[in-house]
Amino acid sequence: MRFYRLTLSLVLLSSITNAVTAQIKSQPKLGHRSAKVLTINNLQFKDLNKNGKLDPYEDWRLPNDARIKDLLSQMTLEEKIGFMIISTTRLKGDQAFQANAPRAEMTSDFNEEDLVQPINMFTRKPLPVPMMSSAGTTKGVMNFHLRHFILRANTSAKIMADWANNLQALCETSRLGIPAIVASNPRNHVTVDAAVGLSVGTTVFSKWPGELGLAAMRDLKLTREFAEIAAKEWSAVGLRKGYMYMADLATEPRWQRIEGTFGEDADLAASMIREIVLGFQGAKLGTHSVAMTTKHFPGGGPQVDGQDSHFDWGKFAHYPGGQFEYHLKPFKAAIAAGTSSIMPYYSAPKDKSMEAVGFSYNKAIINDLLRKQLGFKGIINSDTGPIDMMPWGVENLSIIERYQKAIDAGVDIFSGGADPALLLETAKKGLVTEARINESITRLLKEKFELGLFEDPYVDTDAAIKLVGNSEFQKKADIALRKSIVLLRNEDKLLPIQAKRTKVYFETYYNNGRNPNPITVNKPTMPNANIEFVSTKEEADVVLLWLIPTGGSLFSSQGKPIELSLSKNKIDVAHVNEIVNAKPTVVAINFSSPWVIDEIDKGKTKTVLATFGTTQEALLDIISGAFKPTGKMPFTIPVSSQAVLDNKSDVPGSLEAKGYALFKFGDGISY
């Protein structure tokens, strides 16, 4: 019997050794500040819990499952609950969610001020209970046990990298030394609406077309390169999680978040999402990956009347065309590509076959459809504020009852608040079991271990400064900016402008609500000797008129009917028509939404370009012939305002009734 036990022990030891050997071949780089390093058999390990010995979760040779199991056994309930919160974090001088705060210099130091809001930042109505949307950094890490953060600050690569290192150093001093993960909204796109929570806008990162523009390129290889480049920039400054990208479809033309989608076509959006996920994450999460949060399940596009479910007047999604399954296609692609996390939307389905509660509370949507039917095994991350601010369909439940229902539905981590007290109360009252909490913590820890954060969460600031936004990255982005532009009409053969000494008047019309004059006369310097830019339309042979319509930020919504005609979106149509009828005119329109353009010369404008977040230089290369247009429309342009009213919110424009489209999905010509 003794021999049998000895033999069995040797077999088990051998199998463990083989598993360890298979798991990792060599010593990884260890990044540390305060933790001591243990040397065992000439290998080094971090003593994260400061007990002077090597715990399984500190042993990088072990499979992640074994490490997670050990760490989970050492975490208190309070530490687990803090782990289930992802909140905005702020740098010193950072004024995220403080619209009227005096400007201050942003630094890499911690912001130690709690931000408590009595008002719902979206609906602008009083909250039943004031909400802490951001905790002072040290308090958040050490007292609330927060380890998931959203950085909304727009600052330099140096400040971001230094701050990220400071944050990780603070986490390292905690009882178990668990590192943080920092997420962000998109930072690499030319966009009109850069409201907090949607996009960070123009940053120090490489500048690419908006998401619609990436889709307009129809270049999956370049889309993958974009994601790979952006991932390098993000990880260089310590951003290891993306609150992006939107797999929602632009089937309801009035929805005000279309700018962040990849258009109306489910197959194209699925292809884009696949390349984005694989580009940012790689074939699997690793030390250079940025983990993706694909949103907003099961598709935020088909909103009633286009109203958004950030607001109580837009709380419902509906499917009048019976296209629910169509909207799932991009999410299926994201799951197949290995997206780390999926975010449900706020909307409640206006459909008798589904419970009319927000998708974060909807067990049939999250547990039954997403988990069981579609096989998603990653993290379910709530959108910002469904517990405190957007509890659609569960308004009569208490806060702890809302937590209970959302966790039962399948949510793993909650975005919006920074104080875990009521979530902790939910657990202590037995409304959710610790076994269910452990399921979520296991998923959340798995992401951190796979990203290599337990070995080295730190970044090289000097390297980040050199890498972020470098000229080689921007060269690739410049190609994308040009490929994203769509030529829709060239009936009078104005383009390309190649006649010698052509005088061009170039006007941008953009009423952003801040400048008294929406007109900017551009006189750029171009290497093309054929074009001479002039100061007035009277001097010109050709006018280039770039219109940038805007209905205002999503978060300025008042619940009024949404209209897409240019005159309702801050474009002086009389001014435009005066120019169009006076001179041969190239009309370029930035389509952040599917604008109805029938007011311009009765819809008969002869030369029309579509942009989706690009630069002056890219547009000029198209009109001069330096770059031939290749883009294709990512969505359909309705022929009239009546066509918009008659549309079915869940049906792409390409499948709407005959006569719906002025320009169709996929339209686009060249010279």
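The values are calculated or read from the model by the stated rules, or taken from the named source; none is laboratory data. From a predicted model like this one, the values you see are computed outputs, not experimental measurements. Every residue, glycine among them, receives a Cβ derived from its backbone with ideal geometry; neighbour counts consider all protein chains shown. Remember, those area values only see protein heavy atoms, side chains included, never the ligands or the DNA or RNA. Shrake-Rupley method; radii C 1.70, N 1.55, O 1.52, S 1.80 Å.
Here are the numbers:
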read-out	value
Largest to smallest accessible area among S206, S235 [probe 1.4 Å]	S235, S206
Gain in span if fully extended, S670 to Q558, counting 0.36 nm per residue against the direct Cα distance	36.2 nm
Mean Cβ neighbour count within 10 Å, used as a protection proxy, ranking 500-509, 629-638 highest first	629-638, 500-509
Isotropically averaged projected area of the chain, using the convex hull of Cα atoms (one quarter of hull area), nm²	32.0 nm²
Axial C-alpha extent at least 30 Å, average Kyte-Doolittle at least 0.0 - helices from the chain (DSSP)	2-23
Rounded accessible area per residue of the stretch 315-451, 1.4 Å, Å²	35 Å²
Translational diffusion of the stretch 569-613, µm² s⁻¹ [Kirkwood Rh, Cα pairs; Stokes-Einstein; 20 °C; 1.002 mPa s]	195 µm²/s
Where labels lie 7 Å past Cα in the beta-carbon direction, separation of T138 and E425 in nm	2.8 nm
Estimated Rh, the stretch 162-294: Kirkwood, alpha-carbon pairs, angstrom	15.5 Å
T520-E532 pseudo-label distance in nm [points 7 Å out on the Cα-to-Cβ vector]	2.5 nm
Fraction of antiparallel bridges per DSSP, the chain only, in percent to nearest 5	30 percent
Distance between the stretch 91-168 and the stretch 50-70 - C-alpha centres, whole angstrom	32 Å
Intensity falloff of the stretch 281-394 expressed as log10 I(q)/I(0), Debye formula with alpha-carbon point scatterers, at q = 0.23 Å⁻¹	-1.32
Cα-based equivalent ellipsoid of the stretch 410-525: semi-axis lengths in Å, sorted from largest, via gyration tensor	54, 23, 17
Estimated FRET transfer efficiency (L655, K583; beta-carbon r; R0 51 Å; 0.05)	0.85
222 nm mean residue ellipticity, helices alone, for the chain (DSSP H n ≥ 4; -39,500 (n - 2.57); rounded to 500)	-8500 deg cm²/dmol
The stretch 420-461 residues near the modelled L72 label - backbone nitrogen below 16 Å, point 7 Å along Cα→Cβ	433-450
For a label point 7 Å along the Cα-to-beta-carbon line of E105, residues of the stretch 152-193 with backbone N under 15 Å	156, 159
Computed over the stretch 478-611: relative contact order in percent, which uses C-alpha pairs under 8 Å that are six or more apart	30 percent
Residues V573 and Q616, FRET efficiency given R0 of 30 Å [Cβ-Cβ distance, rounded to 0.05]	0.85
Non-local Lys pairs in the stretch 466-576, i.e. 8 or more apart or on different chains, that have alpha carbons under 23 Å apart	14
The stretch 518-671 - accessible surface per residue (Å², probe 1.4 Å)	41 Å²
Sequence-separation-based contact order of the chain, relative, with Cα cut under 8 Å and 6+ spacing, percent	15 percent
Apportionment of accessible area to carbon and sulfur, the stretch 310-432, percent (1.4 Å)	50 percent
Distance (nanometres) between label positions extended 7 Å along Cα→Cβ at R501 and D114	7.3 nm
